[in-house]
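Q: Next up is a structure, given as structure tokens.
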């Protein structure tokens, strides 16, 4: 089966500009996750969707970050306006079961590397 | 915030040697998972161990879990150059279904 697709793979912007990332999960996967991975650290969950509803967005900086998952399939993550500290790799993952059961395997996309100048 | 802490931060070995990485965590868990990340294949799930299990094997991988010490170890036997990557432990469970909290990772370099 096809894996998780993300685009773009790389993005360079200046601070205060806006940027959007796109994710297409594995077909049939109910749960979708966005992670932020700063260089030298492990991924940090930003938001989790079950179908098109938000399950957990406790670590999403809502003053500048937004995400949606229309029709419970594709998802976009937006940053507006970007700050220098947003430079990171943004990873999208999906898992099969509704609600993302604790033992459900998450499948990750290749990520988008964002550089904010 | 990061839940797990991996030790060592970096490990360099020769092909054929065994590699051991450790992970410590702070809160109670439902399960602990190990992931590998390299530039070619992104972040890949390796193995999951549930909180009521003590040891699990998968091919050349052996994972142990000690919930009393809140720690886990990943052993890779007979390492290969292709095992060169960053390895992360991630804890799951509690009330946040599906949420994984990753550690900072161990960078493993296997020299041919």
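Just so you know, all these numbers are worked out from the coordinates, no wet-lab data involved. Here the structure is a predicted model, which is why all the values come from computation and not from measurement. All Cβ positions, even for glycine, are placed from backbone atoms using ideal geometry, and neighbour counts span all protein chains on display.
Q: So which strands (runs of 3 or more DSSP E) are wholly in segment B:26-102 and hold at least 3 residues that are more than 14 Å from chain A (Cβ to nearest Cβ), surrounded by 13 or more Cβ atoms within 10 Å (Cβ to Cβ) and at negative phi? If you could, list the steps in order and put the result at the bottom.
A: Working: elements: B:31-38, B:42-50, B:55-58, B:61-66, B:71-76, B:85-93, B:96-102.
Once the strands (runs of 3 or more DSSP E) in segment B:26-102 are filtered for at least 3 residues that are more than 14 Å from chain A (Cβ to nearest Cβ), surrounded by 13 or more Cβ atoms within 10 Å (Cβ to Cβ) and at negative phi, what remains is B:61-66, B:71-76.
Q: If I ask for residues that are closer than 7 Å to residue B:79 by Cβ and crowded, with 16+ Cβ neighbours inside 10 Å, which ones from segment B:5-25 would you list?
A: B:13, B:19
Q: Applying the selection to segment A:52-89, what residues are within 14 Å of chain B (Cβ to nearest Cβ), surrounded by 15 or more Cβ atoms within 10 Å (Cβ to Cβ) and over 30 Å from residue B:9 (Cα atoms)?
A: Within segment A:52-89, just A:55 meets the criteria.
Q: Return a yes/no flag: does segment B:89-109 have any residue that is in contact with a helix residue (DSSP H, G or I) (Cβ under 8 Å, 6 or more places away or on another chain) and closer than 15 Å to residue A:40 by Cα.
A: Just the residues of segment B:89-109 that are in contact with a helix residue (DSSP H, G or I) (Cβ under 8 Å, 6 or more places away or on another chain), to begin with: B:108.
So of that shortlist, the ones also closer than 15 Å to residue A:40 by Cα come out as B:108.
The answer is yes; a qualifying residue exists.
Q: Now a separate question. Scan segment B:34-57 for residues that are in contact with a strand residue (DSSP E or B) (Cβ under 8 Å, 6 or more places away or on another chain), within 17 Å of residue A:92 (Cβ to Cβ) and without any contact (Cβ under 8 Å) to a residue 12 or more places away in the chain and report the count.
A: Number of matching residues: 2.
Q: What do you reckon, is residue A:61 under 25 Å from residue B:89 (Cβ atoms) and within 14 Å of the chain's Cα centre (by Cα)?
A: Working: under 25 Å from residue B:89 (Cβ atoms): no; within 14 Å of the chain's Cα centre (by Cα): yes.
It is false that residue A:61 is under 25 Å from residue B:89 (Cβ atoms) and within 14 Å of the chain's Cα centre (by Cα).
Q: Hey, another quick one. On the basis of being out of contact with any strand residue (DSSP E or B) (no Cβ under 9 Å at 6 or more places or on another chain), closer than 18 Å to residue A:21 by Cα and free of Cβ contacts under 8 Å to residues at least 60 places away in the same chain, does residue A:44 make the cut? Walk me through it before giving the result.
A: Working: out of contact with any strand residue (DSSP E or B) (no Cβ under 9 Å at 6 or more places or on another chain): no; closer than 18 Å to residue A:21 by Cα: yes; free of Cβ contacts under 8 Å to residues at least 60 places away in the same chain: yes.
When the stated conditions are applied, residue A:44 does not pass them.
Q: Filter the strands (runs of 3 or more DSSP E) completely within segment A:1-110 down to those with at least 2 residues that are under 13 Å from residue B:99 (Cα atoms). If you could, list the steps in order and put the result at the bottom.
A: On the way: elements: A:5-7, A:10-13, A:19-24, A:31-37, A:44-50, A:53-56, A:65-68, A:75-79, A:88-95.
Filter on segment A:1-110 gives A:31-37, A:44-50, A:53-56, A:88-95.
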